[in-house]
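**Student:** Next up is a structure, given as structure tokens.
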Amino acid sequence: MQVVKTVKIPLHYSTTKRKLSILDKLTARLTYGVALWSRLIEEYDVEDRSRLRSRALEARVKERTGLSAGFVQCCGDKALWMWRSYRELHRTWAKTVKMAESNKEEEWLKKLLRREPKTPLSSGSRHKIPIWFDYRVGQLERAKRIKMASHVIRVATLKRGEWVTIPLNPARYHIQLLGRGTAKSFQIVKKGSKYCVHIKIEYGVLDAPVAGVLGVDLGVRRHAATVLLSGEKPNKLTPRSFLTIRDGEKKNRLDGLNRLVSELQRAEKYDTLRRLRHKRKQVAEYFDRLSAKRLADISGGCLLVVGYSKGVKYRNFKGNGKKKLRKALTRWSYTRIIRFIVEERAERGLSTAVVDERWTSKTCWKCRSRHTLRMNQSTLFCPHCGMTFNADYNAALNIGLPYLAKAARRRAEDEPAQQTEDEQAREIVARKLGSQHPSRGWQLTFSQNHLLGPVNRSSTRPMSMSLFFKRAPIASKSQVDSGAGLERMLYFFTKSSWSL
Ligand SMILES: [Zn+2]
């Protein structure tokens, strides 16, 4: 299985000012090239690459920018990509507007109309636009004559036939990856005043055997609900098939940081705030990465199917009366979590399916009826077949079931399994309305092999991460007031390492 990864490598600190100024000029000119292409694409309604490659258009850009043919084409590709994603966004937006109109939701419609996607480069942002360099205009090489840097990029400059060599400063992890795979292409990105190079690396991983399906429903309140469906016996659901992964510690950490930030804002300590600027994002990413690793570890030997709720933040617009949900949603980055899961599993030679999770939380997994009732946050009741089930696991089942072999699925529907009834009975007994989530008790009994069952145990690594992470020492409010606690908190948040 081929894995493509993009790594971000900074330029080496020994890069001379002359080279930086060459880069400045080059990236500025390339941005101009992309902008020019963007205008042409709009004017001539270019939709595919074959029309983009028309001689007349290329000649126009070449004449105005003075760029070489290779650069002109790379700029064109970038502009076309921007327009393609704009058009896709606009299509979805138009569909949503239509839906709001037919449902007569005035408030939502008003908000939607203000959020029409803008055409590329119309926002007036002055950021430079990075392009993907292909072999004609740039190459990544191992450094031969430069001792300090292990890798360099060679880039064509604005002067015809003249190339510049720029040293990179890769970390050990980057060097390892570069040694393992082949670099496909790279971008030169300027952020603030600093440059870094984004390199797309492709490498092969041995495919791991797959014998089951793991349906995963990501959630705002808990990290993920999972259901294991093994290939041979899809209908044998036992309590061991179900597992919830929680990330309570992430919430604690973020809450602590938020408190700290507001304390500092009150105390007007702006220097410290500046240092803490990216901390919240880093903490969130760290915990998401940890959860993804955990999920990848327990899902060895399975095809993992994860539900993707496209536009959930978008649909929960301000003023819909669900204030708490929106607050929770701002912290929830399912796109990043899914990306991490896909990455972590790819590292282990496992593929992941990402599916649209629309209706999965409402549909009854047994009789496929959509007219179900939520008895409370975690319980679903189906009046059609009389099933009471945990809502999260129901969604995970709906996500995973279509991926089981067709014949196996039919068998599951024909004869409701005895064990499933047990599982339900257990749930109903364990739960009074509004009480704790029933899966809490199960967590204690969970161990590495439970989920894997007959599925290729040897392919998984021993689990090294604990389900709950050790709680950080967070100072109490009185300590914060006295100043000493603040110091300690600062020390903790700035000095502790989050790198993976
Ligand atoms: Zn039903």
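Values in this text are rule-based calculations from the coordinates and carry no lab data. Source: prediction; values computed, not measured. So basically every Cβ, Gly included, is an ideal-geometry build from the backbone, and we count neighbours across all protein chains shown.
**Student:** Past 25 Å, Cα to Cα, is the threshold; run LYS17/LYS269; LYS17/LYS191; LYS8/LYS78 against it and keep the listed order.
**Tutor:** Values: LYS17/LYS269 34 Å; LYS17/LYS191 17 Å; LYS8/LYS78 19 Å.
In this structure, LYS17/LYS269 lie more than 25 Å apart at Cα.
**Student:** What does region 2-204 give for Rg and for Dmax, in Å, if only its C-alpha atoms count?
**Tutor:** Using the Cα atoms of region 2-204, the pair Rg, Dmax is 20.1, 69 Å.
**Student:** If each residue's Cβ is checked for other Cβ atoms within 10 Å, how do THR157, THR16, THR379, THR92 rank with the fewest at the top? Provide the component values of the computation, followed by the final result.
**Tutor:** Working: THR157 17, THR16 10, THR379 21, THR92 14.
With the fewest neighbours first, THR157, THR16, THR379, THR92 line up as THR16, THR92, THR157, THR379.
**Student:** Treating the beta-carbon of each Lys and Arg as +1 and of each Asp and Glu as -1, no other charges, what is the dipole magnitude of region 226-310 about its Cα centre, to the nearest 20 debye? If you can, show how the numbers build up before the last one.
**Tutor:** On the way: 20 positive and 10 negative charges, 37 e Å.
With only Lys, Arg, Asp and Glu charged at Cβ, the dipole is about 180 debye.
**Student:** Here's a follow-up. Of the cross-linked pairs LYS25/LYS62; LYS250/LYS324; LYS144/LYS281, which ones have a Cα-Cα span greater than 28 Å in the structure shown?
**Tutor:** Numbers: LYS25/LYS62 16 Å; LYS250/LYS324 18 Å; LYS144/LYS281 38 Å.
Violating the 28 Å limit, Cα to Cα: LYS144/LYS281.
**Student:** A further question follows. Calculate, in nm to one decimal, what ARG326 and ARG136 gain on full extension: separation in residues at 0.36 nm each, minus their alpha carbon distance.
**Tutor:** Details: separation 190, 0.36 × 190 = 68.40 nm, distance 4.77 nm.
Extra length from ARG326 to ARG136 when fully extended: 63.6 nm.
**Student:** Between SER85 and HIS384, how high is the FRET efficiency from 1/(1 + (r/R0)^6) when r is the Cβ-Cβ distance and R₀ = 45 Å? Nearest 0.05. Each step should come with its number before you reach the end.
**Tutor:** On the way: r = 41 Å, r/R0 = 0.91.
It comes out at approximately 0.65.
**Student:** Could you calculate the FRET efficiency of TYR13 with SER369 from 1/(1 + (r/R0)^6), where r is the beta carbon distance between them and R0 is 56 Å, rounded to 0.05? Working shown, then result.
**Tutor:** Numbers: r = 63 Å, r/R0 = 1.13.
Rounded to the nearest 0.05, the efficiency is 0.35.
**Student:** Simple spin-label model, 7 Å along Cα-to-Cβ: ASN258 to TYR203 in nm?
**Tutor:** Output for this residue pair reads 3.9 nm.
**Student:** About the Cα centre of region 2-204, what is the dipole size in debye to 20, counting +1 per Lys and Arg Cβ and -1 per Asp and Glu Cβ, all else neutral? Intermediate results must be reported in sequence, preceding the final value.
**Tutor:** Values: 44 positive and 19 negative charges, 195 e Å.
That gives region 2-204 a dipole magnitude of about 940 debye.
**Student:** Using the 10 angstrom Cβ neighbour count as an exposure proxy, how do VAL354, VAL34, VAL46 rank, fewest first?
**Tutor:** Values: VAL354 16, VAL34 25, VAL46 20.
With the sparsest Cβ surroundings first, the list reads VAL354, VAL46, VAL34.
**Student:** If you wrap a convex hull around the Cα atoms of region 98-179, how much volume per residue is inside, in Å³? Let's see the in-between values first.
**Tutor:** Numbers: hull volume 18.2 nm³, N = 82.
It is 222 Å³ per residue.
**Student:** Follow-up question, since we're still on this one. Determine the gain in length on full extension of the stretch TYR173-ASP48; use 0.36 nm per residue of separation and subtract their C-alpha separation, reporting nm with one decimal.
**Tutor:** Values: separation 125, 0.36 × 125 = 45.00 nm, distance 3.73 nm.
Once the chain is fully extended between TYR173 and ASP48, it gains 41.3 nm.
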